[in-house]
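The values are calculated or read from the model by the stated rules, or taken from the named source; none is laboratory data. In this text, all values refer to a predicted model and were calculated from it rather than measured experimentally. Heads up, the Cβs are rebuilt from the backbone with ideal geometry, glycines too, and the neighbour counts pull from every protein chain shown. SASA here: full protein model, heavy atoms, side chains in, ligands and nucleic acids out. Shrake-Rupley method; radii C 1.70, N 1.55, O 1.52, S 1.80 Å.
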Amino acid sequence: MKPKHVRLFIKPGCPWCDEASEWLDARQIQYETLDVIRNAAARAEMLELTGQTRAPSVEWDGHVLADFGADELEVAVSQW
């Protein structure tokens, strides 16, 4: 089942962020990318959602996962 709404909070140049994007792209999951370095509002929202400033962070149909690798994303998504 495809998610309805996915937002990926990233920091450019972050290898884990690139890995998360590649994971989503490989599964043809549509998502919104929010750059928390260039966009202060996105950074503030990520901090509010996750309680931290580490990227990547994802909001997936209301579920939140912060500071993860692709393996952790795979596990989390399978449980949501």
>> What number comes out for accessible area per residue over the chain if the probe is 1.4 Å? Units Å², please.
In response: 62
> With each run of n ≥ 4 DSSP H residues scored as -39500 (n - 2.57), what mean residue ellipticity at 222 nm is computed for the chain after dividing by its residue count and rounding to the nearest 500 deg cm²/dmol?
Replying inline: -12500 deg cm²/dmol
>> From Cα pairs below 8 angstrom and at least 6 apart in sequence, can you work out the relative contact order of the chain, rounded to a whole percent?
In response: 35
>> Rounded to the nearest percent, how much of the accessible area of the chain (1.4 Å probe, protein heavy atoms only) is carbon and sulfur?
In response: 47
> With the Cα gyration tensor of the range 1-51 giving a ≥ b ≥ c as the square roots of its eigenvalues, does the rule (a/c under 1.5 for rounded; else a/b larger than b/c for prolate; else oblate) give rounded, prolate or oblate?
Replying inline: oblate
>> Just to confirm the filter: which GluC sites (Glu not before Pro) across the chain are DSSP coil and have at most 16 other Cβ within 10 angstrom of their Cβ?
In response: none
>> Loop only by DSSP, 14 or fewer other Cβ within 10 Å of the Cβ. Give me the trypsin sites (Lys or Arg not before Pro) in the range 1-58 that pass, ordered by residue number.
In response: Lys4, Arg27, Arg38
> By how many degrees, 0 to 90 and rounded to 10, does the Cα axis of helix 40-50 deviate from the longest principal axis of the chain?
Replying inline: 60
> Counting DSSP beta bridges in the chain, what percent are antiparallel, to the nearest 5?
Replying inline: 65
